[in-house]
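Take a look at the structure below.
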Amino acid sequence: MKKILSITLLLILVIYIAGCTTTTETKQEDDSDLQTKTTTKTAPTHSKYVPASIVEFASADEGELIRFYFQVQDDLGRKIPPDGNVEFKISDNSDNILYQKSFSVSPSDYVDYKIILTGQEMGKAYEWRIPISEIKKGTSSYGKAEMTFESGGKKLSATNEFVTIPSLSEEEIAEIYEEEYDKSKIVAEKTFSNNNFKIDVNSFGFYKVDSYSGIEEYFRIDFNVKNIGSGSEYFSPSGMAIIDAQGNQYDAAYGGTLDTFKKMFPDTKQKGYVLFEEVPKTITSAKLIFELGHDNNWNPIVMEYQLPVSS
């Protein structure tokens, strides 16, 4: 009887312990699930790469192509490879667009950059290459590259002022500026004459000239000149200038094609243009004035013409 009672008590104890163990494990499992759910709810959500600025945008002439690259950093100054969309263009010093392209960038497109001479790491950069043959010829040997990078709701911009570009010859540039002048010039029909010369004013307007210091713009007047005298005479107008309504005087500049000190024989002709510097494009009144020859009392003969400048 005692033996049966002992076995019964032992079975009850085992069942109790097993029940306690099962309850504990279940509780631990529930606590673990609760902790996981709590952590998931409170974890911050944000993009991996948030750009703040473009820190480097450069190019390198590699003969048949030009290599471009840019680097982006976040607000902590770290070089990052964000995805985004790029708008890119190259223009010359006359703001003519020579090349233009749009493309997308992903983080996997970036490469590790380093300084070749020192081996110093520069961080992630995006690079691409453009064949020279795909870039139009410009009016200068160096142009400007501009890019915008839109990423993470931000639009970042950068400019590279010194990009090697294929350039037009001096003759090609002069031809382009001549065509521009022909399209914008104002036709005039004014004839001056004295005892020796007949001078026709044919047209006038603003005209570009390519010089060592860059592109300069002048006020240009086209002339035809003929010696109508009986003998040879020097065509040498003096004091040639433009005067506006406010009394400002704009003198003739060096660089025109009309020879203003030329010995002309009877019935000979010449044509060309005279350039005037610093004439504002907003000018609304312009009078051409110069002296040519003398009257019987040896007073200078003054020639004047009110140019029909459109406002």
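The values are calculated or read from the model by the stated rules, or taken from the named source; none is laboratory data. The model shown is predicted, which means the values in this text are computed figures rather than measured ones. Cβ coordinates were reconstructed from backbone atoms using ideal geometry, including for glycine residues, and neighbour counts include every protein chain displayed.
Would region 98-106 turn up any residue that is among the basic types (Lys, Arg) and without any contact (Cβ under 8 Å) to a residue 12 or more places away in the chain? Scanning region 98-106, I find no residue that is among the basic types (Lys, Arg) and without any contact (Cβ under 8 Å) to a residue 12 or more places away in the chain, so the answer is no.
Can you confirm whether region 120-127 contains a residue that is in contact (Cβ under 8 Å) with a residue 40 or more places away in the chain, under 18 Å from the mean Cα position of the chain (by Cα), in a strand (DSSP E or B) and in the same structural domain as Lys79 (by TED's automatic domain parsing)?
Initially, region 120-127 is screened for residues in contact (Cβ under 8 Å) with a residue 40 or more places away in the chain, giving 122-127.
Now restrict to residues that are under 18 Å from the mean Cα position of the chain (by Cα): none.
Looking through region 120-127, none of the residues is in contact (Cβ under 8 Å) with a residue 40 or more places away in the chain, under 18 Å from the mean Cα position of the chain (by Cα), in a strand (DSSP E or B) and in the same structural domain as Lys79 (by TED's automatic domain parsing).
Can you confirm whether region 49-57 contains a residue that is modelled with pLDDT under 90 and either loosely packed, with under 13 Cβ neighbours inside 10 Å or over 28 Å from the mean Cα position of the chain (by Cα) (or both)? Yes, the conditions are met somewhere in region 49-57. Exactly one residue out of Glu134, Glu127, Glu121 is touching a Phe, Trp or Tyr at 6+ places or on another chain (Cβ under 8 Å), among the charged types (D, E, K, R) and surrounded by 14 or more Cβ atoms within 10 Å (Cβ to Cβ), and it is Glu127. Only one of the listed residues (Val302, Val209) is of a type in the set (A, V, I, L, M) and under 28 Å from Glu179 (Cα atoms). That residue is Val209.
Mind listing just one residue for me: the one in region 182-210 that is part of a strand (DSSP E or B) and among the hydroxyl-bearing types (Ser, Thr, Tyr) and, of those, nearest to Glu172 (Cα to Cα)?
Here is the first cut: in region 182-210, the ones part of a strand (DSSP E or B) are 186-193, 197-210.
When the remaining residues are screened for being among the hydroxyl-bearing types (Ser, Thr, Tyr), the result is 191, 193, 203, 207.
Details: Thr191: 33, Ser193: 36, Ser203: 23, Tyr207: 15 Å.
Taking the candidates together, the pick is Tyr207.
Against the condition of a type in the set (S, T, N, Q) and surrounded by fewer than 17 Cβ atoms within 10 Å (Cβ to Cβ), how does Ser108 come out, does it pass? Walk me through it before giving the result.
On the way: of a type in the set (S, T, N, Q): yes; surrounded by fewer than 17 Cβ atoms within 10 Å (Cβ to Cβ): yes.
Spelling it out, Ser108 is indeed of a type in the set (S, T, N, Q) and surrounded by fewer than 17 Cβ atoms within 10 Å (Cβ to Cβ).
Counting the residues of region 269-311 that are within 17 Å of Lys226 (Cα to Cα) and polar (S, T, N, Q) gives 1.
Can you name every residue in region 111-165 that is in contact with a Leu (Cβ under 8 Å, 6 or more places away or on another chain) and not charged (D, E, K, R)? Before the answer, list the steps.
Narrowing region 111-165 to residues in contact with a Leu (Cβ under 8 Å, 6 or more places away or on another chain): 129-132, 135-139, 143, 148-150, 165.
Matches in region 111-165: Ile130, Pro131, Ile132, Ile135, Gly138, Thr139, Gly143, Thr148, Phe149, Ile165.
Scanning region 260-280 for residues being part of a strand (DSSP E or B) and within 19 Å of Asn196 (Cα to Cα) gives a total of 7. Just give me the residues in region 194-214 being surrounded by 16 or more Cβ atoms within 10 Å (Cβ to Cβ) and within 19 Å of Gly143 (Cβ to Cβ), in sequence order. Correct list: Lys208, Asp210.
Can you name the residue in region 192-232 that is under 24 Å from Asn297 (Cβ atoms) and without any contact (Cβ under 8 Å) to a residue 60 or more places away in the chain and is also nearest to the chain's Cα centre (by Cα) among such residues?
Lys198
Just so you know, in region 281-308 the residues that are among the β-branched types (Val, Ile, Thr) and either part of a loop (DSSP other than H, G, I, E, B) or touching a Lys or Arg at 6+ places or on another chain (Cβ under 7 Å) (or both) include one that is surrounded by the most Cβ atoms within 10 Å (Cβ to Cβ), and it is Ile283.
Starting from residues that are among the polar types (S, T, N, Q) and not in a loop (DSSP other than H, G, I, E, B), keep the ones in region 128-156 and report whichever is nearest to the chain's Cα centre (by Cα). Talk me through it step by step, then tell me what you get.
Looking only at region 128-156, we keep the residues that are among the polar types (S, T, N, Q), and these are 133, 139-141, 148, 151.
So of that shortlist, the ones also not in a loop (DSSP other than H, G, I, E, B) come out as 133, 148, 151.
Numbers: Ser133: 20, Thr148: 12, Ser151: 22 Å.
Taking the candidates together, the pick is Thr148.
Among the residues of region 211-237, those that are touching an Asp or Glu at 6+ places or on another chain (Cβ under 7 Å) and assigned to a strand (DSSP E or B) comprise Tyr218, Phe223, Asn224, Asn227.
Among the residues of this structure, Asp222 counts as one that is at pLDDT 95 or above and surrounded by 15 or more Cβ atoms within 10 Å (Cβ to Cβ).
Of everything in region 261-280 that's surrounded by fewer than 18 Cβ atoms within 10 Å (Cβ to Cβ) and touching a Ser or Thr at 6+ places or on another chain (Cβ under 9 Å), which residue is farthest from Asp210 (Cα to Cα)? Among residues in region 261-280 that are surrounded by fewer than 18 Cβ atoms within 10 Å (Cβ to Cβ) and touching a Ser or Thr at 6+ places or on another chain (Cβ under 9 Å), the one farthest from Asp210 (Cα to Cα) is Pro266.
Filtered by the rule that a residue be basic (Lys, Arg) and either surrounded by 14 or more Cβ atoms within 10 Å (Cβ to Cβ) or outside the structural domain of Leu275 (by TED's automatic domain parsing) (or both), region 174-193 gives Lys185, Lys190.
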